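Taken together, the values in this text are just the output of simple stated rules run on the coordinates, not laboratory data. Since we're looking at a predicted model, the values are computed, not measured. So basically every Cβ, Gly included, is an ideal-geometry build from the backbone, and we count neighbours across all protein chains shown.
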Ligand SMILES: [Zn+2]
């Protein structure tokens, strides 16, 4: 037995690595969220710009119509015919020509003015198009960077979880056909358990331990497996577990069977997947197993709560505290 244990992978180191990956992922996620909202703001800006652009284009189209009409009108001026009456001394005709020439000059001025406005609108359109193009390119680049970061972090955390899963399997954790246990034993998903009330955590996001049929929160489970390995080295057998995660219904059942001995339903650490009830000697204070647990469990994040020494007296009840576990 000693030989197989010596070859056992360092679960604690793997778990800490996984937790580090989780923290990095969370930090990166914050950056990514900020980037996503920046991206959205930039897109809104882009949309506004495109709206301005289409407004400028509409102005341009609107201006083209009167200009076309004007041009038509100027060409329709009967210039050659108009000179004849002027030469022949037809006063009325001369007056008409003068007026039409004056009209033509006003029209020409108006035309020039509109040509200037069209040039300005055209320049605006060109500028807006260039700005929109640049903004679109910037947004696409930012989006690609976000995607690349997500891919890198996902790959890294997947790799850590894979190593951890392999190590757990090596230590006797059973994985079902769909690999649910491997998925559940992902410490990166601990936060998901806090989305559920006490005793109502879906079993699919809890993690099995070596003792068949028992589940714990991923970090508590991984720490418990390490504790169990150390216990095995000391006593030559696995720890004896009577209870780990307890559903709300199970908490109610225990509470009514043994009033005063179990926590109020919905308030037990068993319902968080962070407590175990032990047997095999640990259930009696003063035994070698109990004393060993008192002396060693904290190294693995597990401890015997103060209340359980007397009120009520529950030597079998042990809890996991991630804060203790993260101590160097
Ligand atoms: Zn208990």
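Results, tabulated for the structure shown:
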read-out: Cβ-based exposure ranking for 257, 267, in which fewest neighbours within 10 Å come first; value: 257, 267
read-out: Distance between modelled label sites at residue 204 and residue 137, nm, 7 Å Cα→Cβ extension; value: 4.6
read-out: Likely footprinting exposure, 149, 319, fewest C-beta neighbours within 10 Å first; value: 149, 319
read-out: Residue order, fewest to most surrounding Cβ atoms within 10 angstrom, among 256, 300; value: 256, 300
